[in-house]
Amino acid sequence: MNIEFNSKLPNVETTIFTVMSKLAKEHGAVNLSQGFPDFESDPKLIELVSNAMKKGFNQYSPMQGIIELRERIAEKFDALYSIAYNPDTEITVTAGATQAIFTIISTFIDTDDEVIIFKPAYDCYEPTIALHKGKSICVQLEAPHFKIDWQEVKELISNKTKMIVINTPHNPCGTVWSKEDMLALESLVKDTNIIVLSDEVYEHIIFDRQQHQSVCLFPNLKERSFITASFGKTFHNTGWKIGYCAAPAALMHEFRKTHQFNVFCANHPMQIAFAAYLKEPQHYLELSALYQNKRDFFLKSIESSRFQFIPSGGTYFQLLDYSKITEEGDINFAIRLAKEHKIASIPISVFNVNGLDLKMLRFCFAKKKQTLEKAAEILNQI
């Protein structure tokens, strides 16, 4: 090709998720790499989408999302947290949480703005910051507990700090932020112009009676924060790519300016379906028990293996430490497991500062019992 151009993301290659899922397919491996369930959504929800299509809801929805769905989302915030968000001005339905994250960063980050992120981190944050010529200021969390050193964070905040990105429950670590963590963050950003982007897509998948500490529960955080959420993660349909975000009206007003030229609107018949489905809160309130049972079954099944672990506190991911098995780098080990042992996982170094190799792999346990049994059988033999 004779076209000359400068890449805005010169160091970004195909994501590790694509690489490992491709390997899993090529080698017939049990795929516990990419984060998606291998079981279907509730047939009732699928029927609601189908009915919406048949009834003609197949054209553009309002840019901010249909009001019925935004009202259900507002009711959910009120029921769970006793917090009010105005469905007209403070909630927008998006084409998945990643689109919401991209749009938030696009809206507020400009050249040389600094954004603090905690690593290992979901892989969409840094490239989006780079696209807008911002600078990622990375805080490496220390294994195996991945707790935050708030003094370190305080020392990284400067007059260039425009945003802090948080994620709880945390992908890929499975850790859950405490109330003390949120209070520490609230104290750090008080009386600043720092915006908080709170990635809360796993808010309904949290274990061992822990409580999700949403930013909306802390007044000085709520007034400066976006919350992003995912119906795909919540209702086992990641391919539908539909979610939402919530924020104070002034911030949401700016968000919508970008959103309308990014995707304009999200899938209309699915919005109709979710507006009806969310009328029954048990559809999301029962998720923690569902996934804790899967986590416990998976971990019980690999107790005799040489992998070490601390049970995941939330999400549907589990980190396994393989340092007693080999000193091999995690990327090479993950590739070898897929090819030779027929099980696919995600190496954690790709999410860390400077590719820090912690000898850990991430496994997704949002799978059928048969899938987890097969995966455990393999892991126990390694």
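Just a few scattered comments:
- For the pair V12 and Q211 in one chain, pulling the backbone fully straight at 0.36 nm per residue adds 68.0 nm over the alpha carbon distance.
- F297-N220 pseudo-label distance in nm [points 7 Å out on the Cα-to-Cβ vector]: 4.5
- Antiparallel bridge percentage (DSSP; both residues within the chain; nearest 5): 45
- This model, with +1 at the C-beta of Lys and Arg and -1 at the C-beta of Asp and Glu, gives region 74-120 a dipole about its Cα centre of some 280 debye.
- Measuring r between the beta carbons of K160 and Q34 and using R0 = 51 Å, the FRET efficiency lands at 0.90.
- Straight-distance candidates among the lysines for linking to K339, with alpha-carbon spacing under 26 Å and chain neighbours fewer than 8 residues away dropped: K22, K25, K294, K300, K324, K359, K367, K368, K369, K374.
- Correct choice for volume of the Cα convex hull per residue in Å³ that was computed from the model, options (i) 143; (ii) 169; (iii) 156: (iii)
- Protection proxy ranking, peptides 347-357, 114-124, average beta carbon neighbours within 10 Å, highest first: 114-124, 347-357
- One decimal place: the segment K22-T111 gains 28.5 nm when fully extended, by the rule 0.36 nm per residue minus the C-alpha distance.
- Environment charge of I67, counting only residues whose C-beta is closer than 14 Å and scoring Lys/Arg +1, Asp/Glu -1: -3
- Cut-off under 5 Å, modelled amide H: who pairs with D113 long-range: K135
- Ordering of 183-196, 162-175 by packing is 162-175, 183-196, highest average first (other Cβ atoms within 10 Å, averaged per residue).
- Extended-chain gain in nm, criterion 0.36 nm per residue less alpha-carbon gap, S178 and Y81: 33.4 nm
- 20 Å cut-off, amide nitrogen to a point 7 angstrom out along T89 Cα→Cβ, residues in region 222-247: 222-227, 245-247
- Dipole size of region 43-281 about its Cα centre, with +1 on Lys/Arg Cβ and -1 on Asp/Glu Cβ: approximately 680 debye, rounded to the nearest 20.
- N354-H253 FRET efficiency (beta carbon distance; Förster radius 56 Å; 0.05 resolution): 0.90
- Positive-end residue of N171, F118, F298, charge dipole of the chain with Cβ unit charges: F298
Where a number appears in this text, it was derived from the coordinates with a stated rule and is not lab data. Everything quoted here is computed from the prediction, not taken from an experiment. Backbone-built Cβ (ideal geometry, glycine too); neighbour counts: all protein chains shown.
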